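The values are calculated or read from the model by the stated rules, or taken from the named source; none is laboratory data. Note that this is a predicted model, so its numbers are computed, not measured. Neighbour counts run over all protein chains shown; Cβ positions are idealised from the backbone, glycine included. Each accessible area value is taken on the protein alone, full model and side chains, heavy atoms only, with ligands, DNA and RNA left out. Shrake-Rupley method; radii C 1.70, N 1.55, O 1.52, S 1.80 Å.
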Amino acid sequence: QVQLVESGGGLVQPGGSLRLSCVVSGSMFSMYRMSWYRQVSGKQRELVAGITRGGDTNYADSVKGRFTISRDNAKNTVYLQMNSLKPEDTGVYYCNAARCGGADWGQGTQVTVSS
């Protein structure tokens with residue numbers, strides 16, 4: 001089973017920045033479509049950003065122009081650079097690795113945007 005470990009969450013003021021990282025175990029990272037999701041208590045998990053094996057990206061409308069997803073296949077790592085953070089960006093952010101036949105999730109990292 002693939003293991004995903006997120007890091008980089010924390011408390012930040014509105015307008016601030018954070019960079020999330022997700023390290024994926026194994027040797028197949030370059031074959032995965034990687035995504036970041038977030039979940040607020042009591043709500044469904046929602047897609048924030050995704051990146052294909054070839055580097056194509058997509059974003060939720062709410063984060064376009066503020067968030068950037070990227071990947072480093074040599075380090076088995078996907079990143080989410082979050083700028084101009086807003087209180088509504090608060091939530092638990094999860095990393096997802098998708099491949100033919102299934103997907104795996106990390107344990108999540110808390111992001112809190114508050115003054």
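Here are the numbers for this structure:
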{"item": "Close pairs from segment 26-41: first under 20 Å from G8 (Cβ atoms), partner part of a loop (DSSP other than H, G, I, E, B) and at pLDDT 95 or above, Cβ under 6 Å, at least 6 apart", "result": "F29/N76; Y37/R45; Q39/R45"}
{"item": "Residue that is nearest to the chain's Cα centre (by Cα), among those in segment 73-85 that are surrounded by 13 or more Cβ atoms within 10 Å (Cβ to Cβ) and over 13 Å from R19 (Cα atoms)", "result": "N76"}
{"item": "Subset of segment 18-39 (residues that are open to solvent by 60 Å² or more (accessible area, probe 1.4 Å) and either farther than 20 Å from G101 by Cβ or of a type in the set (V, I, T) (or both))", "result": "R19, V23"}
{"item": "Residue that is farthest from E88 (Cα to Cα) [pool: residues in segment 1-46 that are among the charged types (D, E, K, R) and not in a loop (DSSP other than H, G, I, E, B)]", "result": "R33"}
{"item": "Matching entry among G106, G55 (being surrounded by 13 or more Cβ atoms within 10 Å (Cβ to Cβ) and under 15 Å from the mean Cα position of the chain (by Cα))", "result": "G106"}
{"item": "Scan of segment 30-52 for residues that are within 21 Å of V5 (Cβ to Cβ), under 15 Å from the mean Cα position of the chain (by Cα) and not β-branched (V, I, T), ordered by number", "result": "Y32, R33, M34, S35, W36, Y37, R38, Q39, R45, L47, A49, G50"}
{"item": "Count of residues meeting criterion [assigned to a strand (DSSP E or B) and either closer than 15 Å to G9 by Cα or touching a helix residue (DSSP H, G or I) at 6+ places or on another chain (Cβ under 7 Å) (or both)] in segment 84-101", "result": "6"}
